[in-house]
Each structure stands twice: as structure tokens, then as C-alpha cells.
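Here is the structure we will look at, set down as C-alpha cells.
What follows draws every value from the coordinates through simple rules; no lab data is involved. Just so it is clear, the model here is predicted, and its values are computed rather than measured. Quick reminder, even Gly has a Cβ in these numbers, built from the backbone with ideal geometry, and neighbours come from all protein chains shown.
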2 protein chains.
Amino acid sequence: MTDLKYPNFAFDITHNAPNSKARLGNLKTPHGTIQTPNFIFCGTKAAIKNLNPDQMVEAKTDIILSNTYHLMIQPGADIVEKMGGLHKFMGWDGPMLTDSGGFQIFSMGHGSVADEIKGRNKGERGQSLLKITEEGAKFRNYRDGSSMMLTPELSMDIQRKLGADLIMQFDECTAFHVDRKYTESSMHRSHRWGDRSLEQFAKNDNGAQAVYGIVQGGVYDDLRKESCAWTKNGNFFGTAIGGSLGGSKQQFYEIVELCSKEIHQTRPVHLLGIGAIDDIFQCVRLGIDTFDCVSPTRAARHGWAVMKGVPGNRINLKNAKYKDDETPLAADYDIKASNFYSKAYIHHLIKAQEMLSMQILSQHNVYVMNLLMRDIRKAIAEDTLDACEKEWRCL
Amino acid sequence: MTDLKYPNFAFDITHNAPNSKARLGNLKTPHGTIQTPNFIFCGTKAAIKNLNPDQMVEAKTDIILSNTYHLMIQPGADIVEKMGGLHKFMGWDGPMLTDSGGFQIFSMGHGSVADEIKGRNKGERGQSLLKITEEGAKFRNYRDGSSMMLTPELSMDIQRKLGADLIMQFDECTAFHVDRKYTESSMHRSHRWGDRSLEQFAKNDNGAQAVYGIVQGGVYDDLRKESCAWTKNGNFFGTAIGGSLGGSKQQFYEIVELCSKEIHQTRPVHLLGIGAIDDIFQCVRLGIDTFDCVSPTRAARHGWAVMKGVPGNRINLKNAKYKDDETPLAADYDIKASNFYSKAYIHHLIKAQEMLSMQILSQHNVYVMNLLMRDIRKAIAEDTLDACEKEWRCL
């Protein structure tokens, strides 16, 4: 058993809502303190798609993440370490998280990340995953076809070299379609991988990073409880809720609610891969402190602007009705992506296949997600979360 | 014969080099005055590829252009006019130029714009060009396949609606492979189109725009002289040198030199579609005031950084030798695209197919071209153009 103190990290819960598990917190890292609930933007391959770090700051971003799996393939952790770590390499000076690499290994080839978590998977393992053993996971490098191995020890060493503030234990993210028997044995293996992750982390701990344990157990209540207990007893700084969250919104929320009750109550809680606005409102009430999702920048690449107070919370600028719409996306936001360009111009850029549309929409979407999280924090403080949700979701 | 005064425009030649036709000038437009020689960046479809207007200003850009041909197809001139004109539509408040649309009609389908001007064309008219008559050019809309017509009158009306400061007469840009007979008859038709352009322009002149006449005549000295005389006698604000510039650098420079002697001596002179650094140095000496080329942003999309003092004036960041190069593109430039990101990071972005590489390299390349033009202006003032060229081109 490791005895990690994480002296350079803290999570202070500053307010608890009276009628839900919603809470406000300050999550302190060596690269700054963020207020929670908050949203972590995906800079998958050491870059937010179409936005530079200054543009992320302009959009009032507090924290971003990168993916270990992609970075171990390109450019490789040794290069990132040699270049001074991920913060310096990509020019982001704020708090940062990396995942363990496991998620992509287990989900690549299955369809989208969101499909996997949300139970929309059609079956069959991805072709890039070759073999899972007690030791770790063997997979095919999608760039050069070579066979690679990721183990808990390697994942922690790679994440050490990358140097993000918040890092994740190595785990297997089981899909919705696998049966209870597989989910259970996989969960137990993930627990053993988690223990090995902590041991490896402790060997080289220099105070710069803090580890999250991950709750697995799929859609099975007893397994989820067992996994929550395991993370609670482990020497983790934070708790992440991972794995399949079921096949419906109701099942998803029930799983999160169950986990939220059973996990360590004063550690920060991250919900992996969730970023829809309705889900964020619901899960904040269930005690989730941080979210991450590729959706803000991915939606932008498909012409969507995330919007406050609009049914569905988004509009598609590809729609011909915007072709002569002189209004900006949001005149009262203090960022040009939102207040300066007309919808007609963005519509034109999309039609003309000008990549500038992605830059503008991405920055707008990031700004809106950060605004959402600020509004949610304010609403929790003032106990007006229901009204805040009604306003945002146009209910 | 029109009698246009262009009261809101001026071109003041402030200095003439003692040993060449190189000169310094101030080119005044309703959206500001630029110093010449200068470089005009291509915002083909009402957007500089991957850069927003603020990023262009950060890179010290003075003037940009857009292409009538692309804009008449998408979004259409009426939409741009309804949205308040091109300046407002795309958010560029400085001087702007549009071409007449002719060049793209005659070159699309032949290969690249540069191939066409520089005599590397392999023959055959582009499939999109359907028919040229005295009236104008009929072509196929590349978006919806419909048949469209562009005439001198329509080109001027479209350019009026777009609202750029500097606009171009309608002309046919003849290719290198066409014979003397075709070049001659096409040139005469372009002259008639130029006269019609001026007449149409005069009908609606509101003082906001000024027209350039275009010298054609291909590689034939007598035709070039005739075309120069025609532009000189026409009521144009400026002169553009267009058409085929031959099959070799020597022929290209000879044509420019000849034209430069024969054209109106105190009007601003634009060289269409030329942007290589060696060509800029040579043509500045021949009296060219402004250049335009897609090369700075196109090169960026292919991984090239334009460099001062490097053989060939560019490096390719795709090259594996940059994979652990911690140095920035240019530590002493006052812009993050050049001084902040390591070559290793840009190399990684390209390998990872992250579009951010294009944003960073595009802004760096724009900055470098603007630096080049500032250095050239300073060198002309100080009569040190040869030394400036040696330093830039690493001779």
C-alpha cells in the first residue's frame, strides 16, 4: 500500500447545495487552482483542434487535457519530456490532465468515444486491440502498424514524462455490450492495474502530479459499489467514473448517482467523456466536479455553434437560413468569435470550406462551455440551479 | 472616354533609387494608406486561410485581396453587399483589392495559378470555361454545374458590390501555350473589355474605389508595348501587369522590365500573382510597387516556413530533423507564431495532422513576408537593396 500525500494538490469544498449533491470546490494544482464544477477541454494530440493556447485563454478556459494513447504514438513521451514536458511543449501554462491511454486502446475501432461510453456500441473489439493479459494491453500502432504494449507501469511512466498535473490510473474501459462475467473480471483486473499504477507512481513521485482512481463495473450496481469501495480505499487524489454508463439517460444518471454516494466524499470527482449540457446539469446535481468531452471543438468542425437558451443548445450554421443573417452568435459575449462575425459570414466560410469557420466556431463553443460552468457555479452558490438550467436549456 | 479623378485615392512616390527603378511610395485608399513596395495577401473566398483578421494585423499586414470569381459563386455579390460589403463581411478594416474574376475563369482547370502565369501550363483550356465571346466569358459554376457569364459590366458591378478599395478591369489572362495570333486578338478584346470596365465603373462611381488597367500581350514585346500604351492612355488609377510572363525567369524579368518602361510612370504598379522572394527583389528593382500571391498561406498548409537568411528562403517542418528541435522559427520576431512554439512542436502538429500547424505556420509566413517588405523599403531608402537581398536570400 502506497502512502501518497499529494502536498502540492488540494481539493477544498467551499459550498454544498442544500437539496442535491451539487457542490462548489477549489481544485489546486501546481499550475493553478480551478473552481469546480468545471469543464476540461480535449487537446487530444497536444493541441486543441484549431485553437492556440492564447485563444483558449481568451475563451476563459481553466483546464485542458491530452491523451496518453495518441501522444505515446506521436511524438512519443520521450520527445515530450525532452522538450520540457507537455505544458511547455504545447504552450499551456494552466492545469492539465492526461488519461491513462487505456480508454483509446479499448475503444478505438469500436466507433466514437461517445458511442462507447453511452452504450451505443454495436459490438466487436476494435481491430487495433490485439490482446489483453494480466500484464497489460497489446495493440497495433495506428501510424506504422507495429505492435505496442501498454501496462500500468508504462502508462504511469509515460504520464510522468508528459507531466500533466492530474493523471489517471491504467484501466480497461469495458463496453456496453460485454456481459456481466467479463465486466466483473475486467473490473478486478482494472483494480489490480490501479494498485500497480499507484505503486509505480509512488516510485518516482516528485510532487508534481496527482493520480485519479477509476470506478468501473459497467451497469451492475453491485460491481459499481465494489469498484467505488476499491477507489475509496486506494491512495488516490481524485476519483473518476468510467466504463459503460448504460444504454439510456436514466440508466446513466442512476449509475452516476450510485457511484457518487459510494465513492470517497471529499475527493474531486471526474466524469469521463461526458459533455452534453443536459448531462452536465444533471450530473452536477449528483456531485460531479469536472467533465471532459471532445464535443465543443468537434461540433465546431461540423458547423455547430453551442448556444445558451436555445432548444437543443446548438444551431447549425450550415443551414441556409443563416446565409444573410447579419447578427453575431452572441452580441453580449466579450470575445470576437461570438460577438464580431455575422452568422452569414460563418455560414459562408462553411459553404466555401474555409477552415477559419472551425477556428471561429471552436472558440465560440469553448467560450460558451466556460460560460455554462461559470453560470452553474454561480447558481450553486445562490441555490438557483433549476432556474439556471431552465434558462440555459430553454425549458 | 471616361474622366475619373479618384479623389479619395493617391499614389505619392516619395523616393526613387539612384541605380534602378526601385521606388518608395504611399498608396492612399479610403481604408488607409500603405507604404510601397508591399505585399497583398490572398483572402480568396473572403478569408485568409486559417487566419482571422486580428491575426493578420498581429502579423503586421497592410493590405489583402479577395477573388471576385470565387465570391460571385459563393456567397454571391448580393449577399456581400447586403451584409455591408467585403470589409464588414470579413472583418478587415484596412485597404483591400479585388480582381476582376477573369483570371480564375481562364485558368481554373489548367493547373495552379502559378503554373499559368509562369508558363508551366501543359495546354488545353480548363473544363470550366465554356465560351469566350466579345460580350464576355461563359463558364461553369464549380459548385452547382450551372452555366454563368461574366462580362466587363458584370465584373465591375460585382466588384462595386464587394466594395474593395482597389479593383481590376475585366480581362482575359492568356496562357503561355497560346500562339501569337490568339494572344494578340485576346489582348485587343481585353482592351475593349477594359474600356467597357471603365465606362461601367464611371456610371456608378461613388469615390470609394479605384480601377487598375491590366497589361496583356504575353511574351511578345510589340504586343506588350501596345498594351502598355493602351493602359497609359486609359483613365485608370493604377497599372497591373498580367498575362503570361514567359517560360523562364530571364524572360519573366525581361517582360516586366519592358512593361515597367512603357507604362504610366507615376501610377502604382501591381504585378499579378508573383510572390517568390527572389522575384520580389528583382521586380522591385524593375519598378513594381505591389505583389500578390497565395504562396505564404499555401506553403504553410504544406508544412513550409518562410525564412529570412536561409537558402531557398524556406524550411519544411515535416522533416524528421525537427522532431526534437527546441528552437522557435525566429526567436527575435515579435509574434508568438514565430517566437513561441518550438520547431519540434510544429513538426509534431504536422505529423499528428493537427490543423493548428497551419494556423501557426500561416501567421509566421505572413509575418515574414511583411518583414521582407519592410526591410526592402528600408533598403531602398538607404540604397542598400543589394545587401538586403544578400542577407535575405543567403547569397
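Which of A:319, A:340, A:357 sits closest to the plus end of the dipole of the stretch A:306-363, meaning its Cα is farthest towards the positive end, when Lys and Arg get +1 and Asp and Glu get -1 on the C-beta? In the stretch A:306-363, that residue is A:319.
Taken along the Cα-to-beta-carbon direction at a fixed 7 Å, the label points for residue A:318 and residue B:257 span 5.5 nm.
Relative to the longest principal axis of the Cα atoms of chain B, the long axis of helix B:356-382 lies at roughly 70 degrees. Springs between alpha-carbon atoms under 10 Å, Gaussian network over chain B: tell me which of B:248, B:342, B:146 tops the mean-square fluctuations. Top of the fluctuation ranking is B:146. Computed over neighbours whose Cβ is under 13 Å from that of residue A:9, the net charge equals 0, Lys and Arg +1, Asp and Glu -1. Relative contact order of chain A, taken over Cα pairs closer than 8 Å and 6 or more residues apart, is 17 percent.
Take residue A:76, move 7 Å from Cα toward the beta carbon, and the resulting point lies 5.5 nm from the same point in each other copy, nearest first. Is the shape of the stretch A:10-293 best called rounded, prolate or oblate, per the rule: a/c under 1.5 gives rounded, else a/b larger than b/c gives prolate, else oblate, with a ≥ b ≥ c the square roots of the Cα gyration tensor eigenvalues? The shape class here is rounded. The distance from the alpha carbon centre of the stretch B:327-348 to that of the stretch A:323-395 is 31 Å, rounded to a whole number. Each residue of the stretch B:312-325 was assigned a 3J(HN,Hα) from its phi angle through the Karplus expression (A = 6.51, B = -1.76, C = 1.60, θ = phi - 60°), giving x, 6, 7, 10, 9, 5, 5, 4, 4, 5, 8, 5, 10, 8 Hz with x at Gly and Pro. Relative to the other identical copies, residue B:319 shows label-point distances of 5.0 nm, where the label point lies 7 Å from Cα along the Cβ direction and values run shortest first.
Using a ≥ b ≥ c from the Cα gyration tensor of the protein assembly as shown (square roots of the eigenvalues), is it rounded, prolate or oblate, where a/c under 1.5 gives rounded and otherwise the larger of a/b and b/c decides, a/b for prolate? Here the protein assembly as shown falls in the prolate category.
Partner shielding of A:326-339 amounts to 1, given as the average count of beta-carbon atoms from other chains within 10 Å of each residue beta-carbon. In a reduced charge model with +1 at each Lys and Arg Cβ and -1 at each Asp and Glu Cβ, the stretch B:37-293 shows a dipole moment near 400 debye about its Cα centre. Simple rule: put +1 on each Lys or Arg Cβ and -1 on each Asp or Glu Cβ in the stretch B:250-317, find the dipole, and look at B:306, B:260, B:276; the Cα lying farthest toward the positive end is B:306. Of all beta bridges that DSSP places with both ends in the protein assembly as shown, some 50 percent have antiparallel geometry.
Report the residue, chosen from B:174, B:29, B:133, that carries the largest GNM mean-square fluctuation when chain B is represented by alpha-carbon nodes joined by springs under 10 Å. In this elastic network of chain B, the residue with the biggest mean-square fluctuation among B:174, B:29, B:133 is B:133.
Helical content of the protein assembly as shown, expressed as a calculated mean residue ellipticity at 222 nm, amounts to -12000 deg cm²/dmol (DSSP H runs of 4 or more residues, -39,500 (n - 2.57) each, divided by residue number, nearest 500). For the segment A:46-55, counting C-beta atoms of other chains within 10 Å of every residue's C-beta and taking the mean gives 5. Taking a ≥ b ≥ c as the square roots of the eigenvalues of the alpha-carbon gyration tensor, the stretch B:214-287 is classed oblate because a/c is 1.5 or more while a/b is no larger than b/c. Computed from the C-beta positions of residue A:221 and residue B:339 and an R0 of 51 Å, the FRET efficiency is 0.40 to the nearest 0.05. Among A:321/A:343; B:60/B:343; A:82/A:203; B:131/B:203; B:318/B:351, which pairs are too far apart, with a Cα-Cα distance over 18 Å? Pairs exceeding 18 Å: B:60/B:343; A:82/A:203; B:131/B:203. Taking amide H as placed 1.01 Å from N in the peptide plane, the amide H of residue A:14 sits under 5 Å from that of A:24, A:25, A:26, each at least 5 places away or on another chain.
When the dipole is taken about the Cα centre of the protein assembly as shown, and only Lys, Arg (+1) and Asp, Glu (-1) are charged at their Cβ, what size is it in debye, to the nearest 20?
Values: 94 positive and 94 negative charges, 214 e Å.
Dipole magnitude for the protein assembly as shown comes out near 1020 debye.
Distance between the C-alpha centers of the stretch A:22-66 and the stretch A:248-286? Whole Å please. That distance is 19 Å. Across the identical copies, the 7 Å label point of residue B:18, projected outward along Cα→Cβ, sits 8.8 nm from its counterparts, in ascending order.
For the stretch B:190-205, the Karplus equation 6.51 cos²θ - 1.76 cosθ + 1.60, evaluated at θ = phi - 60°, returns couplings of 4, 5, 5, 5, x, 4, 5, 4, 5, 4, 5, 4, 4, 4, 10, 4 Hz by residue, with Gly and Pro reported as x. For the residues of A:353-359, the average number of beta carbons from a partner chain within 10 Å of their own beta carbon is 6. Each Lys and Arg Cβ is given +1 and each Asp and Glu Cβ -1; about its Cα centre, the stretch B:236-395 then shows a dipole of about 500 debye. Of the residues B:132, B:243, A:15, the one whose Cα sits farthest toward the positive end of the charge dipole of the protein assembly as shown, with +1 on the Cβ of Lys and Arg and -1 on the Cβ of Asp and Glu, is B:132. The value of relative contact order for the stretch B:307-389, using C-alpha pairs under 8 Å at least six residues apart, is 23 percent.
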